[in-house]
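Quick notes on the structure that follows.
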Amino acid sequence: MLEIAKDYTLALEDVPNFKPEDLSKDQVVRLKHEITELLNKRNAVLVAHYYVDGDVQDIAHETGGCVSDSLEMARFGRDHPAPVLVVSGVRFMGETAKVLSPEKTVLMPTLKAECSLDLGCPPDEFRAFCEEHSDRTVVVYANTSVAVKALSDWVVTSSVGHKIVEHLKTQGEKILWAPDKHLGHYIQQKTKADMLLWSGACVVHEEFKHQALLDMKKVYPDAGILVHPESPSSVIELADVVGSTSQILKAASELPQNVFIVATDRGLFHQLRRAEPQKRFIEAPTAGDGATCKSCAHCPWMAMNELKTLKHSLEHFDNEIHVDPEMGARAMIPLQRMLDFPR
Ligand code: 13P
Ligand code: SF4
């Protein structure tokens, strides 16, 4: 396994210090009601990620939309008959929805919701990297721009990445992987494939700490440890289950433990507690040696999906996602390969 020398991890000053507005209970009830009415009026469906505000997740559930991981968001948006998709998550999720359904209107509560992995993989530099290693099959994580996807052979999410790389390895292919070095490292360890890694990272998952997690495990010796594979390998090695957001939810239901330490964005705790109200879920630690608290275990971009901004986008039909049709058609090829890959 090789790794690109340049580090594309975002610096602290490039991560927004975003705090959602505090709302009273009455305001929340009113906004949820108004958003539900607007979804009906606009013939729109809400497609939300597990990391967004719990009230936004609840509206999606209650109105026949979806709350899921990034792979299911893509499938749901593509297959739903509504002409308007409101994607609550980060920009690459809205762009993926538009690529898969160019005929639909795709709105987002905000267009400022980025992702450190997407930002850490500039298309021009990535193109040069691909050209330098043209003997390799290019596999990119879904957390990338349309331009980067358009340069790839395969797009994968964390729920299917290792299976797709395993399949490519059996075909004798060497992989160029981007942008998440931790996920790439995890997949390489699992599959033993020949992988060259780009060097980006998620500012949320990179903060989880090995020693502090070991110390926490001493306090809760019977707890199960569930880890998203965007976390560093030293954290992954302590996990009982490593998986995407959906796979973490599934493990929390299926494993016998009553207490879990969970290393992923705290937005997922809304669904964990909803699905398993009798179990206890504890946030994995981000403090300790080398702590930065760039995000404090909550994605600042996901937090931008507030009720007020969601209502505003539906009311005014703004924050629409546009994708260059030619580039979208090119990005559709590797996306379609992922969606067609047997589950
Ligand atoms: P999932 O595919 O597990 O939903 O992950 C998306 C993501 O952005 C995690 O940080
Ligand atoms: Fe990107 Fe990390 Fe936020 Fe997921 S949690 S959207 S990988 S910055």
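The number of residues in the stretch 112-139 being away from ligand 1 (no atom under 16 Å from the Cβ) and small (Gly, Ala, Ser) comes to 2. Screening Ser70 against (1) within 20 Å of Asp340 (Cβ to Cβ); (2) free of Cβ contacts under 8 Å to residues at least 40 places away in the same chain leaves a single unmet condition, (2).
For the stretch 219-258, filtering for residues that are within 16 Å of ligand 2 (Cβ to nearest atom) and of a type in the set (S, T, N, Q) leaves 5.
Looking across the stretch 139-159, just one residue is open to solvent by less than 20 Å² (accessible area, probe 1.4 Å) and over 19 Å from Gly120 (Cα atoms), and that is Ser159. Looking at Glu3, Glu37, Glu13, can you tell me which residue is under 26 Å from Leu107 (Cα atoms) and open to solvent by 90 Å² or more (accessible area, probe 1.4 Å)? Among Glu3, Glu37, Glu13, only Glu37 is under 26 Å from Leu107 (Cα atoms) and open to solvent by 90 Å² or more (accessible area, probe 1.4 Å).
Residue check: Leu307 meets all listed conditions (1) without any contact (Cβ under 8 Å) to a residue 24 or more places away in the chain; (2) more than 16 Å from ligand 2 (Cβ to nearest atom) but one, namely (1). Among the residues of the stretch 63-88, write down those that are crowded, with 24+ Cβ neighbours inside 10 Å and at positive phi. None; the set is empty.
Just to confirm my filter: which strands (runs of 3 or more DSSP E) fall fully inside the stretch 62-153 and include at least 1 residues that are under 21 Å from the mean Cα position of the chain (by Cα) and closer than 15 Å to Gly200 by Cα?
Those strands (runs of 3 or more DSSP E) span 137-141.
Please go through the stretch 204-230 and give me each residue that is of a type in the set (D, E, K, R) and open to solvent by 20 Å² or more (accessible area, probe 1.4 Å), ordered by number.
Once the filter is applied, which keeps residues that are of a type in the set (D, E, K, R) and open to solvent by 20 Å² or more (accessible area, probe 1.4 Å), the stretch 204-230 yields Glu206, Lys209, Asp215, Lys217, Lys218, Asp222.
If the condition is being out of contact with any strand residue (DSSP E or B) (no Cβ under 7 Å at 6 or more places or on another chain) and either farther than 12 Å from Leu183 by Cα or open to solvent by 10 Å² or more (accessible area, probe 1.4 Å) (or both), then the stretch 231-246 contributes Pro232, Ser233, Ser234, Glu237, Thr245. Go through the stretch 318-343 and give me each residue that's under 30 Å from Ile35 (Cα atoms) and at pLDDT below 95. Matches in the stretch 318-343: Asp318 only.
From Ala331, Ala284, Ala275, Ala263, which residue is in contact (Cβ under 8 Å) with a residue 40 or more places away in the chain and under 29 Å from Val84 (Cα atoms)? Break it down stepwise before answering.
Details: Ala284 fails: under 29 Å from Val84 (Cα atoms); Ala275 fails: in contact (Cβ under 8 Å) with a residue 40 or more places away in the chain; Ala263 fails: under 29 Å from Val84 (Cα atoms).
Going through Ala331, Ala284, Ala275, Ala263 in turn, the sole match is Ala331.
The values are calculated or read from the model by the stated rules, or taken from the named source; none is laboratory data. Treat the numbers as computed from the prediction; the structure is a model and nothing was measured. Ideal geometry is used to build each Cβ from the backbone, glycine not excepted, and the neighbour counts take in all protein chains shown. Note: accessible area is taken over every heavy atom of the protein model, side chains too, but ligands, DNA and RNA are not part of it. Shrake-Rupley method; radii C 1.70, N 1.55, O 1.52, S 1.80 Å.
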